[in-house]
Amino acid sequence: MNIESFRLYCLAKKGVTEEFPFDETTLVFKVMGKMFALTSLDQFDGISLKIEPEAGVALRDRYDFVQQAYHMNKKHWITVVHPEVVAGKLLCGLIDGSYDLVVQGLTKSQKLALDSL
């Protein structure tokens, strides 16, 4: 998956916005104001995604390209390094899981607002 495919995949999800809250090169995707994915525009060498802690450990044990997320909570975030060579189906599943995990954590009113979009 290249950076443009990643961007379009994230933006196709309901309620998603793209922002640069940290600097001009760190692209962040949010659903209802909550982060679920981020990457660097300078060098598309990793995608950080939110994950259930147990799943994160299992993925890091199974795949060399799944690592603890740099500058993020290591328990709740992973980084998929070299996303351009990771199987698209696997990467899309991880992005979907991150999005779904964040949506699950939204308040009832946020979920209702998301449903109405």
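The values are calculated or read from the model by the stated rules, or taken from the named source; none is laboratory data. Since we're looking at a predicted model, the values are computed, not measured. Neighbour counts are summed over all protein chains in view; Cβ atoms, including those assigned to glycine, are modelled from backbone coordinates with ideal geometry.
Looking across the stretch 1-29 at every residue that is under 23 Å from Ala113 (Cα atoms) and touching a residue at least 40 places away in the same chain (Cβ under 8 Å), the one that is nearest to the chain's Cα centre (by Cα) is identified as Cys10. Considering only residues that are more than 18 Å from Asp45 (Cα to Cα) and among the hydrophobic types (A, V, I, L, M, F, W, C), which ones fall in the stretch 1-21? Within the stretch 1-21, Leu11, Ala12, Val16 qualify. Among residues of the stretch 91-117 that are under 14 Å from Val16 (Cα atoms) and touching a residue at least 12 places away in the same chain (Cβ under 8 Å), those with a beta-carbon under 6 Å from a residue that is part of a loop (DSSP other than H, G, I, E, B) and not acidic (Asp, Glu) at least six positions away or on a different chain give the pairs Tyr99/Lys13; Leu106/Met32; Gln110/Met32; Leu114/Gly15; Leu114/Met32; Leu117/Lys14; Leu117/Gly15.
Here Met35 does not qualify as touching a residue at least 24 places away in the same chain (Cβ under 8 Å), surrounded by 14 or more Cβ atoms within 10 Å (Cβ to Cβ), assigned to a loop (DSSP other than H, G, I, E, B) and hydrophobic (A, V, I, L, M, F, W, C).
Which residues, taken from the stretch 59-117, are of a type in the set (Lys, Arg) and in contact with a strand residue (DSSP E or B) (Cβ under 7 Å, 6 or more places away or on another chain)? Steps first, answer last, please.
Keep residues of the stretch 59-117 that are of a type in the set (Lys, Arg), which gives 60, 62, 74-75, 89, 108, 111.
Correct list: Arg60, Lys74.
Go over the candidates Glu24, Glu84, Glu19, Glu54 one by one and state the one that is of a type in the set (Asp, Glu) and at pLDDT below 95.
Details: Glu24 fails: at pLDDT below 95; Glu19 fails: at pLDDT below 95; Glu54 fails: at pLDDT below 95.
After applying the criteria, what remains is Glu84.
Just so you know, in the stretch 63-96 the residues that are crowded, with 16+ Cβ neighbours inside 10 Å and in contact with a Lys or Arg (Cβ under 8 Å, 6 or more places away or on another chain) include one that is nearest to Met1 (Cα to Cα), and it is Val66.
One residue alone among Glu24, Glu54 is of a type outside the set (A, V, I, L, M, F, W, C) and assigned to a loop (DSSP other than H, G, I, E, B), and that residue is Glu24.
Say we look at the stretch 38-58 and pick out the residues that are touching a Pro at 6+ places or on another chain (Cβ under 9 Å) and not hydrophobic (A, V, I, L, M, F, W, C); which of these is surrounded by the most Cβ atoms within 10 Å (Cβ to Cβ)? By that ranking, first place goes to Thr39. The set of residues in the stretch 48-69 being within 18 Å of Thr26 (Cβ to Cβ) and in contact (Cβ under 8 Å) with a residue 24 or more places away in the chain consists of Ser48, Leu49, Lys50.
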